[in-house]
Amino acid sequence: MRALEKKNPSIKKAINELKNISRSPKSRELYEARLKAEHDYVSGINSAYRKGKEEGLYEGIEKGIEKGIEKGIEKAIHGFYLGIQLNLETRFNLKENSLLMKQIRKIKDIEKLKKLLIHSAKSKTFTEFKKLIK
């Protein structure tokens, strides 16, 4: 056994621990209390890590959803602009860079853009459509 102690410091440490705890019940009690404290510490660290990871995951999901909604709204608004522009170009020969299209591109309210798209397709005259933009 002495040869093992010399070759491996961990074995020497373990043998010393066994000698210490076998000396008295008080030593054994202190040893077990120290082991429990170490175990509790590691358990607390692991629990905090898992909780932090879970909170980070939920926060990431929330931010991803928010970003996805923002992108979806941007694409919807862009789609409305294109639809209105196409209707005005084909029905009333209005150019893309006209003053009216510049005004329309400032609108960010999806419901208003939706109404403009519908009216750009249904209005009988350009003047009738222009009344909606204010």
Estimated 222 nm signal from helices in the chain, with DSSP H stretches of n ≥ 4 weighted -39500 (n - 2.57), rounded to 500
-29000 deg cm²/dmol
Restricting to Cα pairs below 8 Å that are 6+ residues apart, what does the relative contact order work out to for the chain? Please round to a whole percent.
15
Label-point separation in nm, residue 91 to residue 59, each point 7 Å along Cα→Cβ
4.9
Tell me which trypsin sites (Lys or Arg not before Pro) from the stretch 12-106 have a DSSP coil assignment and no more than 15 other beta carbons within 10 Å of their own.
95, 106
Run through the stretch 1-96 and list the GluC sites (Glu not before Pro) located in a DSSP loop whose Cβ has at most 16 other Cβ atoms within 10 Å.
96
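Readers should treat all values here as calculations from the given coordinates under stated rules, not as data from a laboratory. In this text the structure is predicted, and so the values were computed from the model without any measurement. Because the Cβ atoms are built from the backbone with ideal geometry, glycine has one as well, and the counts that use them run over all protein chains shown.
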